[in-house]
Amino acid sequence: MDSPIWMDSSTSEQCRHLEEAVGGAEELANITGSRAYERFTGNQIAKVYHEKPEIYSQTERISLVSSFAASLFLGDYAPIDYSDGSGMNLLNIYDKDWSKKCLDACAPNLKEKLGSPVPSSSILGPISSYYVQRYGFSPDCNIVSFTGDNPASLAGMTLQQNDIAVSLGTSDTLFLWIQEPKPSLEGHVFCNPVHPQDFMALLCYKNGSLMREKMKDGCSCGSWELFSQLLRSTSPGNKGNIGFYFEAVEITPQAGGVHRFNGDKPEVSGFPKDVEIRALIEGQFMAKRIHAERLGYKIKPETRILATGGASRNKDVLQVLSDVFNAPVFTIDTANSACLGSAYRAAHG
């Protein structure tokens, strides 16, 4: 059978059933760190169980891509780690174990098929003798738990407590290191792959640089230099003018369209070009701060913002980011950050 990918959206029925079984979307988020998502493993398992029960009954072990890859090096079934396991709608992120209510809502005997989850820094055992004999690995080489790409990226970007990483690409993504999470219907909370007692939060925004590019073309004749000049010409706070620009239906929040507001009218039809540009940039970053704080993030004097992605080359955009979060911004090169984070985790495992 074909394996689904992260873009799969065929399990809406299973998502509704899971949320109903545990007492609603908010309760599911309180347990697993996220409301039900179609791409999450628990809902995909439920679909297989209901549509192809013979395949499910014959399945001895269910792995994530990360634990399956670790199994190849280990020569045995590798357990799922806490951090990648947080993205399944099955793990209680506080107890660090599978939620019985969630398991029962998805499929029978699921706990046995998943095995017990382990800390992300666990040493699973020595490398398989096959790799020693075939490729010359040292027999003393140990295998550390594999994890997912997003948790590995947090390690690769060397985030510390109170840090924020902001990827300003085609879509925008926030990585947060938090200690007292408040899961909500927006965003995700995972077990932290670096510090087992802490958590990481992830917020994704579809209308990132695509919207900034459109604004550049429409308000500054396609010139980033003029875009920055117009942005600098307006003052922080934009005299109360703010906008929310969703060219595509947004992920966080689920909304669409263009909405402009000022202090005098509930909603206005348009702004001057310089005001429009600042309204977009401030609105994007204000939304990120609000959503981050809703998930339990607290800005502290030692907070740093680590920015990457195409828009991180624009110092005027970064100045707005710094103003909104009231924290210094540093740019970082995170090419292949997930691979780098995996190497760091192996070195310190």
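Readers should treat all values here as calculations from the given coordinates under stated rules, not as data from a laboratory. Values in this document were obtained by computation on a predicted structure and should not be read as measured data. Glycine gets a Cβ as well: all are built from the backbone with ideal geometry, and neighbour counts include every protein chain shown.
Values as computed for the structure displayed
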{"read-out": "Using a Förster distance of 22 Å, the FRET efficiency for V268-D323 (Cβ separation, nearest 0.05)", "value": "0.45"}
{"read-out": "Amide H within-cut-off set for I143, under 5 Å, with H built and near neighbours excluded", "value": "L124, G125, I127"}
{"read-out": "Reachable lysines, given that their alpha-carbon falls under 28 Å from the alpha-carbon of K52 and they are not under 8 places away in the same chain", "value": "K100, K101, K111, K113"}
{"read-out": "Positive minus negative residues near G87 (Lys, Arg vs Asp, Glu; Cβ under 13 Å)", "value": "-2"}
{"read-out": "Paramagnetic label zone (point 7 Å from Cα along Cα-to-C-beta, W224; backbone N under 12 Å) in region 289-310", "value": "309-310"}
{"read-out": "Value of relative contact order over the chain, rounded to a whole percent, pairs C-alpha under 8 Å and six or more apart", "value": "17 percent"}
{"read-out": "Difference of contour (0.36 nm per residue) and Cα-Cα distance, D95 to V65", "value": "8.5 nm"}
{"read-out": "DSSP-defined beta bridges in the chain - what % are antiparallel, rounded to 5", "value": "75 percent"}
{"read-out": "Sites K300 and L210 - FRET efficiency at Förster radius 25 Å, r taken between beta-carbons, to 0.05", "value": "0.20"}
{"read-out": "Compactness of region 243-349 as Cα Rg over 2.2 N^0.38 Å, two decimals", "value": "1.31"}
{"read-out": "Local net charge near S34, Cβ-Cβ under 14 Å (Lys/Arg +1, Asp/Glu -1)", "value": "-2"}
{"read-out": "Label zone at H259 (point 7 Å along Cα-to-Cβ), backbone N below 17 Å, region 160-198", "value": "185-187"}
{"read-out": "Relative frequency of Cα-Cα separations exceeding 17 Å in region 136-240, percent", "value": "67 percent"}
{"read-out": "Paramagnetic reach from T158 (point 7 Å along Cα→Cβ, amide N under 20 Å) across region 184-210", "value": "193-196"}
{"read-out": "Spin-label pair E20/C141, simplified geometry with 7 Å Cα→Cβ offset, distance in nm", "value": "5.0 nm"}
{"read-out": "Listed residue (Y131, S233, V48) projecting farthest to the positive dipole end of the chain, Cβ model", "value": "S233"}
{"read-out": "Region 149-337: relative contact order as a whole-number percent, Cα under 8 Å and 6+ apart", "value": "27 percent"}
{"read-out": "Fraction of the pair-distance distribution of the chain above 40 Å, Cα-Cα pairs, percent", "value": "20 percent"}
{"read-out": "Region 12-144 - convex hull of alpha carbons, volume per residue in Å³", "value": "100 Å³"}
{"read-out": "Pairwise FRET efficiency - S9 versus N336, Cβ, R0 = 22 Å, nearest 0.05", "value": "0.20"}
{"read-out": "The chain: DSSP helices with Cα axial extent of at least 27 Å and average Kyte-Doolittle hydropathy no lower than -1.0", "value": "273-294"}
{"read-out": "Qualifying GluC sites (Glu not before Pro) for region 238-303 [loop in DSSP, other Cβ within 10 Å: at most 11]", "value": "E267, E302"}
{"read-out": "Spatially proximal lysines relative to K298 (Cα-Cα < 30 Å; intrachain offsets below 8 disregarded)", "value": "K96, K182, K206, K239, K288, K315"}
{"read-out": "Principal axis dimensions, region 182-257 - Cα atoms, whole angstrom, descending", "value": "48, 25, 25"}
{"read-out": "Of every Cα-Cα pair in region 149-337, the percent that sits beyond 30 Å", "value": "17 percent"}
